[in-house]
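Read through the structure below, which is laid out as structure tokens, and then see the notes.
The values are calculated or read from the model by the stated rules, or taken from the named source; none is laboratory data. Everything numeric here is computed off the predicted structure, so don't read it as measured data. Because the Cβ atoms are built from the backbone with ideal geometry, glycine has one as well, and the counts that use them run over all protein chains shown.
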Amino acid sequence: MARNLRTSLRKSRRPAQPMAEFDRLPSELRQWLAEADLPWSPKSTLRLWQKALDQHGGNRSAALSYLTHCEAAKIKKDAPEVWGASYPILEYAGV
């Protein structure tokens with residue numbers, strides 16, 4: 001699948017135990033990551049989650065919304081290269 005996916009997300013080395021890294025995430029972050037449209041790594045997601053919590057005073061719901069916004073922005077950025085400038089995904093999530 002990784003070869004089939006074009007995104008500007010950085011490719012990272014696999015951790016020694018990727019599922020253990022995923023399992024250590026907060027439950028709501030694991031749920032978000034499981035439903036994400038892009039293949040985020042647990043490490044980068046946790047870093048973004050912590051930044052979002054700091055920016056939103058610890059509000060977990062707002063932090064999840066921030067993650068969704070970041071993902072939509074990433075998709076919008078990548079869409080013209082992947083599908084062409086006129087592809088409707090550019091309206092994805094109102095970004």
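The table that follows gives values for the structure above.
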{"read-out": "Among (1) modelled with pLDDT of 95 or more; (2) under 22 Å from A20 (Cβ atoms); (3) hydroxyl-bearing (S, T, Y), the one test that S44 misses", "value": "(1)"}
{"read-out": "Of all residues in segment 47-95 being of a type in the set (S, T, Y) and touching a helix residue (DSSP H, G or I) at 6+ places or on another chain (Cβ under 6 Å), the one that is modelled with the lowest pLDDT", "value": "Y92"}
